[in-house]
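Read the structure below first, then the notes.
The numbers here are math on the coordinates, done by the rules we state, and not lab data. None of these values were measured; they are calculated from a predicted model. Please note: Cβ atoms are built from the backbone with ideal geometry, for glycine as well, and neighbour counts cover all protein chains shown.
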Amino acid sequence: MSHISRLNVISGHLKDEQEEEYVDELTSNNVNADAKKETLTVIDNRTGKQYNIKIKNQTISALAFREISEQKGDNGLVVYDPAFQNTAVVTSTITYIDGDKGILRYRGFPIEELAERSSFLEVAYLLINGNLPNKSQLDGWSHKIMTHTFLHENLVGLMKSFRYDAHPMGMLISTVAALGTFYPEANPALAGQDIFKSENVRNKQMFRIIGKLPTIAACAWRHRIGRPYNTPVNHLGYTENFLYMLDKLSEQDYKPNPVLCRALEILFILHADHELNCSTAAMRHISSSNTDPYTAVAGAAGALYGPLHGGANEAVLDMLQQIGTKENVGQFVADVKAKKKKLMGFGHRIYKNYDPRAKIVRRVAYEVFESLGKEPLIEVATELERQALNDEYFVTRKLYPNVDFYSGLIYKAMGFPTDMFPVLFTIPRAVGWLAHWIEHHEDPETKIYRPRQVYKGEWFRNYVPIEGRPPAKVRTQESYSSATTKRYSKVTGSGAQ
Ligand SMILES: CC(C)(COP(=O)(O)OP(=O)(O)OC[C@H]1O[C@@H](n2cnc3c(N)ncnc32)[C@H](O)[C@@H]1OP(=O)(O)O)[C@@H](O)C(=O)NCCC(=O)NCCS
């Protein structure tokens with residue numbers, strides 16, 4: 001975006017905007033005069049009509065296209081945008097990304113400065129409240145969060161009822177959803193549609209979610225390794241307490257490694273928000289029905305879990321392990337170019353340049369290796385990056401390393417198994433989700449989300465009684481059978497596959 005258009009965006013935000021018409025139908029006489037500035041003129045070749053669509057904040061309203069109809073009453077045109085590739089659904093003041101230049105800012109502050117100088121809870125304050133806190137504000141904020149870290153014993157019981165090898169992300173998602181059942185006063189379905197108009201009510205849920213997530217994550221981990229869950233220690237720092245809950249056994253005065261606390265702090269800062277990514281869009285989507293934030297956070301965490309989003313660093317590690325050694329990188333790159341494989345941790349819907357977070361993560365990786373020893377797969381990763389950045393396939397498609405390319409290596413060096421990676425992403429990203437949740441509740445323009453579709457199905461059919469129907473054309477309905485069914489089929493002769 002040019003400097004001038006950026007200024008237009010900003011001045012657009014500052015204007016006291018009145019509700020206005022999005023589109024004028026024009027006659028051929030007024031098109032030139034009116035269309036000169038801040039409008040887009042569209043000619044509908046089906047009817048010969050011309051429309052003047054207002055450009056505001058570098059956008060045109062999708063609703064304007066409703067006016068462009070072929071015949072009266074046909075509901076006009078709909079904007080088709082699978083996967084929201086070029087559709088803005090909100091006006092936000094939280095995070096700014098320039099994907100072409102590789103810029104990321106939270107509330108105007110460059111991510112590089114925040115990662116270097118700030119703490120995670122300070123960044124959380126910034127994202128949620130809009131400004132950096134002074135000392136006493138930060139102390140008060142940290143105190144609030146760190147005094148909302150305990151879980152109700154029933155919730156602990158629920159976590160203990162999971163199978164010994166339950167995926168920690170499945171445990172986290174279910175537990176966060178269950179958390180909502182402990183706070184009926186924060187559920188609009190029970191306590192009233194308007195409860196989130198109160199800042200006090202919103203703040204309380206925020207403190208609970210940000211405070212309890214590390215506890216839930218640590219319990220999920222301890223469950224996996226068969227160790228008793230630790231209770232939080234509220235006078236420790238946020239990441240310090242998290243590492244404590246993960247690792248404390250019976251040591252006296254257990255203290256987590258400060259290098260790892262800081263590394264985790266930086267990773268948490270880098271992952272705290274990324275505007276309308278898949279999970280944040282899900283958070284906004286779910287919240288738009290005015291559900292409680294626990295259910296919305298659980299849903300957003302579900303979106304984050306997928307390998308194309310928060311599960312990508314897990315997929316990166318799998319990929320690096322499969323490649324194995326530096327010598328195999330060339331063949332792997334050839335396979336990617338032949339579309340037989342995907343280079344995980346590369347490419348981004350928004351960044352068409354080096355992801356600024358990836359640069360910081362790369363540096364942090366070496367700091368962690370200095371403390372814990374080098375992770376051997378780093379050699380495969382750096383060779384892969386070198387070859388890809390010099391290859392025409394990746395250069396022409398503007399595919400660069402994203403934040404997940406190196407973060408998995410840090411987590412591996414720290415001893416986390418891969419299925420904990422999305423959990424380590426969820427803890428900080430919940431802060432971004434909550435910042436968007438608040439913005440959603442304060443935005444007078446928001447409504448319940450309801451995208452449109454292009455219907456291409458059967459137009460009209462009469463119901464035919466089952467005796468008179470030909471076999472239905474369907475996709476295969478084969479599935480594999482469980483071991484129990486296979487053994488039982490020997491008895492019944494039912495021929496299970
Ligand atoms: C992130 C991602 C989903 C973005 O996808 P997108 O914006 O829809 O981009 P597209 O799928 O349209 O890709 C454009 C082109 O680049 C190629 N491409 C994109 N990412 C690629 C990757 N990681 N490896 C190989 N080729 C890739 C596509 O095959 C496509 O090539 P084509 O034009 O020959 O068909 C995609 O880059 C990806 O899957 N990356 C790996 C997963 C990952 O690291 N996710 C974490 C994101 S933070």
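Some observations on this one:
- Hull volume in cubic angstrom per residue (convex hull over the Cα atoms of the stretch 33-160): 243
- FRET efficiency for the residue 354 to residue 259 pair, using the beta carbon distance and R₀ = 35 Å, is estimated at 0.90.
- Once backbone amide H atoms are built at 1.01 Å from N, residue 39 has 55 as its partners under 5 Å, excluding neighbours fewer than 5 places away on the same chain.
- For the stretch 311-454, the Kirkwood estimate of the hydrodynamic radius, built from every pair of different alpha carbons, is 16.9 Å.
- With θ taken as phi - 60° and the Karplus curve 6.51 cos²θ - 1.76 cosθ + 1.60 applied, the whole-hertz 3J(HN,Hα) list for the stretch 81-86 is 8, x, 6, 6, 6, 8 Hz, x standing for glycine and proline.
- Helix 293-304 and the longest principal axis of the Cα set of the chain meet at an angle near 90°.
- With neighbour counts taken as other beta-carbon atoms within 10 Å, the residues 404, 247, 44 rank, fewest first, as 44, 247, 404.
- R0 of 22 Å, Cβ-Cβ distance residue 392-residue 327: FRET efficiency to nearest 0.05: 0.50
- In the distance distribution for the chain, Cα-Cα pairs more than 43 Å apart total 28 percent.
- The chain - charge dipole about Cα centre, Lys and Arg +1 at Cβ, Asp and Glu -1, debye rounded to 20: 1380
- Compared with the dominant Cα axis of the chain, that is its longest principal axis, helix 483-492 is turned about 80°.
- Rounded tilt (10° steps) of 421-442 against the dominant C-alpha axis of the chain: 40
- Alpha carbon convex hull of the stretch 171-210, volume per residue in cubic angstrom: 64
- Here the sum of -39500 (n - 2.57) over DSSP H runs of 4 or more residues, divided by the residues of the chain, equals -15000 deg cm²/dmol at 222 nm, to the nearest 500.
- Reach of residue 204 by Cα under 13 Å, taken over aspartates and glutamates that are not fewer than 8 positions away in the same chain: 185, 292
- Positive-pole candidate from 372, 471, 330, dipole of the chain, charges at beta carbon: 471
- Under 20 Å of direct C-alpha separation, and excluding same-chain neighbours fewer than eight residues apart, residue 340 reaches these lysines: 326, 398.
- In terms of other Cβ atoms within 10 Å, 167, 223 run from fewest to most in the order 167, 223.
- Legend: distances between Cα atoms for 248/374; 255/374; 339/412; 160/342; 72/473; pairs beyond 30 Å are 160/342; 72/473.
- Fewest-first ranking of 437, 221, using other Cβ atoms within 10 Å as the exposure measure: 221, 437
- Contact order, relative form, for the chain: 16 percent (alpha carbon pairs under 8 Å, 6 or more residues apart, mean separation divided by residue count).
- Whole-angstrom gap from the stretch 243-264 to the stretch 310-382, using each part's C-alpha centre: 27
- Remark: the residue 460-residue 442 segment gains 2.1 nm on full extension, using 0.36 nm per residue and subtracting the alpha carbon distance.
- In this simple spin-label model, placing a label point 7 Å from the Cα along the Cα-to-Cβ direction at both residue 88 and residue 290 gives a separation of 2.7 nm.
- Converting phi to 3J(HN,Hα) with the Karplus coefficients 6.51, -1.76 and 1.60 and the offset θ = phi - 60°, the stretch 139-147 yields 4, x, 5, 5, 4, 4, 5, 6, 9 Hz in sequence order, with x at every glycine or proline.
- For the stretch 244-254, Karplus couplings with θ = phi - 60° (6.51, -1.76, 1.60), whole Hz, Gly/Pro x: 4, 5, 5, 10, 4, 10, 10, 5, 7, 6, 4
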